[in-house]
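Notes to accompany the following structure.
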Amino acid sequence: MRLIDADALIQKRSHAKVYSPDMYVIWQGYVMDAPTIDAVPVVRCKDCKHYDTIGCSKGFGWCEKMDIGTSDNFYCANGKRLNKESEVK
């Protein structure tokens, strides 16, 4: 399964003019009634303020919060987004 933006899909479909107006309304109802995934945003290590890449191989680093080595794309419940304008890794 993958997440989609149902509003954008409906907007795009409305411009396609493939279906009759009645079919479009039915199709729109199917999209809106579709189940949603209970997703939460995550902070990948590469974007986390606890992540340090000094002395590590490309694609890997050290988590100062958990005190373990990890990859750039790993994530955990302790992640805090790095404010890149005001903080330096």
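FYI, it's all coordinate maths here, none of it is from the lab. Keep in mind that this is a model prediction, so the values were computed, not measured. Quick reminder, even Gly has a Cβ in these numbers, built from the backbone with ideal geometry, and neighbours come from all protein chains shown.
Quick look at the numbers
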| item | result |
| --- | --- |
| For the stretch 40-89, convex hull of alpha carbons as volume per residue, Å³ | 71 Å³ |
| Amide H contacts under 5 Å for PHE60, placed H, 5+ residues apart | ASP72 |
| Top positive-direction residue, dipole computed over the stretch 40-89 with Cβ charges, set THR53, VAL42, ASN78 | VAL42 |
| Order of ILE68, ILE54, ILE10 under a 10 Å beta carbon neighbour criterion, fewest first | ILE54, ILE68, ILE10 |
